[in-house]
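These notes concern the structure reproduced below.
The values are calculated or read from the model by the stated rules, or taken from the named source; none is laboratory data. From a predicted model like this one, the values you see are computed outputs, not experimental measurements. Cβ placement follows ideal geometry from the backbone for every residue including glycine, while neighbour counts extend to all protein chains displayed. For the accessible areas, the whole protein counts, side chains as well, though only heavy atoms, and no ligand, DNA or RNA atoms are used. Shrake-Rupley method; radii C 1.70, N 1.55, O 1.52, S 1.80 Å.
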Amino acid sequence: MDLAALKTQLKNFVQSMFEEGVLDNQFSQIQALQDSTNPNFVEEVITLFCNDAERIINEINRNLGYQNVDFSNLDSYVHQLKGSSSSIGANRLKLACANLRQASDERNKEGCLQALQLITCEYCLLRRKFQALLHLERSIVELETNQK
Amino acid sequence: MAPTLPSGDQASDQDNWDNGRLAHKRQLLTEIVLRNRLTALVVGGDTTCRVLEQLLLRSYGVQTQGVDNGRDAIALIASGVKFNLIIIDMILSVLNGLEATRQIRDMGVHCKMLGVTACSGESERQAFLAAGVDVFIEKPLDPEHLVPILRELDGQ
């Protein structure tokens, strides 16, 4: 596939993520911050985010495994995940966090477990799409480098 | 915004792509030219948010430092480092954002403080403002909120 076609494929793929509500305009802000002084910025931020998100989801899972759930501790983790999701533009994941926050506020353990299932699904979907996006970006960089 | 074509030449797909991205970037980042050297401290427990906030500030030419907890923020300020702007998260480890804000103000620091949080409600807003922040916003930190603050600090 030639460079122009790859770039179009990437653009269309990101657009589809916007249309599906997986990403929102905040992700465009992040793409706009990538330039020659920060050529790998998008990949670095996505990697940071995924590492943070997986750690937090595991902690939430662990907390909900206790008989007596520490809801204030849980709230702190939800807050972090919602914050990083909104900062990277992960729209559906951010919305899923709001469900968990509400269940946590209500001290509803069963509700929290259901909300965590949704968060896990949304995160897995997002991670798969980010991996595809980064694969396209790397292919573009490789082609551009070969053409120089 | 349509890409700019070089006069007399057929623009390549590469040119159109690059011009399009540049125009998009300008549109999104609301260009601002700072006349003065501004400094900012970002106090945020979440790495992704802190890195993004710092880079957004740097893209506007603001020199930034970042710490991930309230205690380190207090220690840095107590060491004599001055900032024009402090961006502080409500949820922090070791010392939470509300208490860290109170202590920073108690130290006689009068610079602009912007409180950020992922989950905003009226009670959180009131609590953060009462602790001493000047502005309270829900994440993400975006140019729409940041640029007016930077212009004000720059005397524009």
Margin query: Relative contact order for chain A: what percent, with Cα pairs under 8 Å and sequence separation of 6 or more?
Written below: 30
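Provide the FRET efficiency to the nearest 0.05 for the A:Glu43-A:Gln114 pair, computing r from the beta carbons and using R0 = 35 Å.
For R0 = 35 Å, the calculated efficiency reads 0.60.
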Next item on the list: May I ask you to find the residues of segment A:53-94 that are shielded by at least 20 Å² of accessible area once the whole protein assembly is considered instead of their isolated chain (probe 1.4 Å)?
Entry: A:Ser76, A:His79, A:Gln80, A:Lys82, A:Gly83, A:Ser84, A:Ser86, A:Ser87
Note to self: How large is the accessible surface of A:Val22 in square angstrom, using a 1.4 angstrom probe and rounding to the nearest 10?
What the structure shows: 10
Checklist line | Cα centroid separation, segment B:53-108 to segment A:21-65 (Å) | finding: 22
Note to self: Of all beta bridges DSSP finds with both residues in the protein assembly as shown, what is the antiparallel percent, to the nearest 5?
What the structure shows: 5
Check: Carbon and sulfur together cover what percent of the accessible area of segment B:38-154 at a 1.4 Å probe radius?
Finding: 48
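Hey, what's segment A:1-59 come to in accessible area per residue, 1.4 Å probe, Å²?
Numbers: 2750 Å² over 59 residues.
Computed with neighbouring chains in place, this is 47 Å² per residue.
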Notebook entry, point to check: Between chains A and B, what is the buried accessible area summed over both chains (1.4 Å probe, protein heavy atoms, nearest 100 Å²)?
Noted result: 2600
Next item on the list: Would you kindly find the accessible area of A:Phe71, with a 1.4 Å probe and non-protein molecules such as ligands, DNA and RNA excluded, rounding to the nearest 10 Å²?
Entry: 30
Notebook entry, point to check: Where in chain A are the DSSP H helices whose C-alpha atoms run 27 Å or more along the long axis and whose mean Kyte hydropathy is at least -1.0?
Noted result: A:41-64, A:109-147
Notebook entry, point to check: How are the Cα pair distances of the protein assembly as shown distributed, in percent, across 10 Å bins from 0?
Noted result: 6, 25, 31, 23, 12, 3, 0, 0
Check: Under a point spin-label approximation (7 Å from Cα along Cα-to-Cβ), what is the A:Glu106-B:Glu99 distance to one decimal in nm?
Finding: 3.2
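Multiplying the sequence separation of A:Asn51 and A:Val141 by 0.36 nm and subtracting their Cα-Cα distance, what value in nm do you get? Write down the numbers at each step before the final one.
On the way: separation 90, 0.36 × 90 = 32.40 nm, distance 2.35 nm.
This chain segment gains 30.0 nm when fully extended.
Give me the percent relative contact order of segment B:102-156, please, defined on Cα pairs under 8 angstrom at least 6 residues apart. Intermediate results must be reported in sequence, preceding the final value.
Working: 38 pairs, mean separation 19.8, N = 55.
Result for segment B:102-156 is 36 percent.
Relative contact order of segment B:38-154: what whole-number percent is it, with Cα pairs under 8 angstrom and at least 6 residues apart?
Values: 185 pairs, mean separation 27.8, N = 117.
Relative contact order of segment B:38-154: 24 percent.
Once the piece of chain linking B:Arg58 and B:Ala130 is laid out straight, how much longer is it, given 0.36 nm per residue of separation minus the C-alpha distance between them? Please list the in-between numbers first.
On the way: separation 72, 0.36 × 72 = 25.92 nm, distance 2.90 nm.
Once the chain is fully extended between B:Arg58 and B:Ala130, it gains 23.0 nm.
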Check: Taking K and R as +1 and D and E as -1, what net charge do the other residues with C-beta under 12 Å from the C-beta of B:Leu38 add up to?
Finding: +4
